[in-house]
Amino acid sequence: MKNKTDLKGLSADALKEQIKTERAQGQQLRFAHAISPLENPSRLKASRKSVARLLTEQARRNNEQATNPAQ
């Protein structure tokens, strides 16, 4: 997963695409884990955290845009 500074460099469209990709990957991991245990179940937690980081960056941008509409 990208770190905080890498996320700030993404465009809005790239950020949305990354969120979509990470959510799909997390869903696949959950399905695979339901069928048979994963070798590394901590990947589920990492996937959730990754989506949360992306959504946090998206919310930060939306809030910044709402407070500074002139820019």
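Readers should treat all values here as calculations from the given coordinates under stated rules, not as data from a laboratory. In this text, all values refer to a predicted model and were calculated from it rather than measured experimentally. Backbone-built Cβ (ideal geometry, glycine too); neighbour counts: all protein chains shown.
In table form, for the structure just shown:
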| item | result |
| --- | --- |
| Residue 63 assigned to a helix (DSSP H, G or I) and out of contact with any Gly (no Cβ under 7 Å at 6 or more places or on another chain) | yes |
| Filtered residues of segment 8-56 (kept if of a type outside the set (A, V, I, L, M, F, W, C) and in contact with a Lys or Arg (Cβ under 7 Å, 6 or more places away or on another chain)) | 26 |
| Some residue of segment 60-67 being within 12 Å of the chain's Cα centre (by Cα) and loosely packed, with under 11 Cβ neighbours inside 10 Å | no |
| Criterion (surrounded by 13 or more Cβ atoms within 10 Å (Cβ to Cβ), in a loop (DSSP other than H, G, I, E, B) and hydrophobic (A, V, I, L, M, F, W, C)) met by exactly one of 55, 10, 29 | 10 |
| Count - residues of segment 13-27 that are within 12 Å of residue 47 (Cβ to Cβ) and acidic (Asp, Glu) | 1 |
